[in-house]
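The next block holds one structure in the form of structure tokens; read it before the comments.
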Amino acid sequence: MIIVFVGPPGVGKGTQSKRLVSHFQLVHISTGEMLRKAIGEGTRVGVEARDYIDHGRLVPDDLIVELVGKRFETFPSEQGCLMDGFPRTITQARSLDGLLEKLGRRVDVVIELVADRDEIRRRLLDRARLEGRSDDSPETITARLEIFDRQTAPLIDFYRKCGSLRQVNGMGTPDEVFNRILDSIRS
Ligand code: AMP
């Protein structure tokens, strides 16, 4: 099973991804984490991506496709996988389809986690205080939400047309949200 997980920053994707990965024993592909690692290691992709991330902008598609393409070189061809924060644009979605096609696989389900915008801002500001992520300042939070609406929302329409989209309410306790996600996968 290949699951794509989409939703605005702060909607709870990180928390729910961890649960899904351990529940279904999935390989976890998070481009945000891969990019933060690349930055920490000072690789070329990390150096090129840093400024975009710090300003809350999307890293260009070619860099993301390069990063994920490398990850796919060692992709276990049978195991289930959770794509977390990737794809974020239609171009990335088409690249993902191409990578999966070579393995004779395809995206099985796309989960869109949705929550109230005020709640999302509150969660992001709390995270900024707790984790000190460089892209969680109030200005960057606004930019990331705007960019989500502009660049990632069309991706959701793309998956809706493919028939693989499941919309899940991300409000409530982590347990409640997780149970809704499980129900949506089973449906
Ligand atoms: P995340 O941890 O998924 O919230 O990602 C943190 C930041 O990394 C985002 O705000 C983007 O700047 C960048 N990023 C992560 N994944 C992608 C992607 N698939 N496409 C473009 N930029 C990305």
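The values are calculated or read from the model by the stated rules, or taken from the named source; none is laboratory data. For clarity, every value in this text was computed on a predicted model and none was experimentally measured. A quick note on method: Cβ atoms are made from the backbone with ideal geometry, for glycine too, and the neighbour counts reach across all protein chains shown.
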Unique match (being away from the ligand (no atom under 16 Å from the Cβ) and under 21 Å from PRO8 (Cβ atoms)) among VAL168, VAL110: VAL168
For ALA93: the one exception among (1) closer than 21 Å to GLY7 by Cβ; (2) more than 13 Å from the ligand (Cβ to nearest atom); (3) at pLDDT 95 or above: (2)
Count of region 1-17 residues which are in a helix (DSSP H, G or I), of a type outside the set (S, T, N, Q) and at pLDDT 95 or above: 0
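What about ARG166, is it modelled with pLDDT of 90 or more and under 16 Å from the mean Cα position of the chain (by Cα)?
yes
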Pair list, Cβ < 7 Å and 6+ apart or interchain, from region 51-74 residues that are under 18 Å from GLN151 (Cα atoms) to residues that are within 12 Å of the ligand (Cβ to nearest atom) and of a type in the set (Lys, Arg): GLY56/ARG144; LEU58/ARG88
Those residues of region 19-38 which are within 13 Å of the ligand (Cβ to nearest atom) and surrounded by fewer than 18 Cβ atoms within 10 Å (Cβ to Cβ), in sequence order: HIS28, GLU33, LYS37
Sole exception among (1) within 20 Å of GLY10 (Cβ to Cβ); (2) more than 10 Å from the ligand (Cβ to nearest atom) for PHE86, by number: (2)
Residue selected from region 53-62 under the condition within 8 Å of the ligand (Cβ to nearest atom) and modelled with pLDDT of 95 or more, by the criterion nearest to ILE2 (Cα to Cα): ASP61
Filter result for ARG106 (basic (Lys, Arg), loosely packed, with under 13 Cβ neighbours inside 10 Å, over 15 Å from the mean Cα position of the chain (by Cα) and closer than 22 Å to HIS55 by Cα): no
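Which one of these is of a type in the set (A, V, I, L, M, F, W, C), under 26 Å from ARG121 (Cα atoms) and within 13 Å of the chain's Cα centre (by Cα): VAL4, VAL21? Steps first, answer last, please.
Details: VAL21 fails: within 13 Å of the chain's Cα centre (by Cα).
Going through VAL4, VAL21 in turn, just one is of a type in the set (A, V, I, L, M, F, W, C), under 26 Å from ARG121 (Cα atoms) and within 13 Å of the chain's Cα centre (by Cα): VAL4.
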Output for region 76-98, where each listed residue is more than 20 Å from ARG160 (Cβ to Cβ), in contact (Cβ under 8 Å) with a residue 24 or more places away in the chain and surrounded by fewer than 17 Cβ atoms within 10 Å (Cβ to Cβ): PRO76, SER77, GLN79, GLY80
Residue match in region 127-147 (condition: modelled with pLDDT of 90 or more and not aliphatic (A, V, I, L, M)): yes
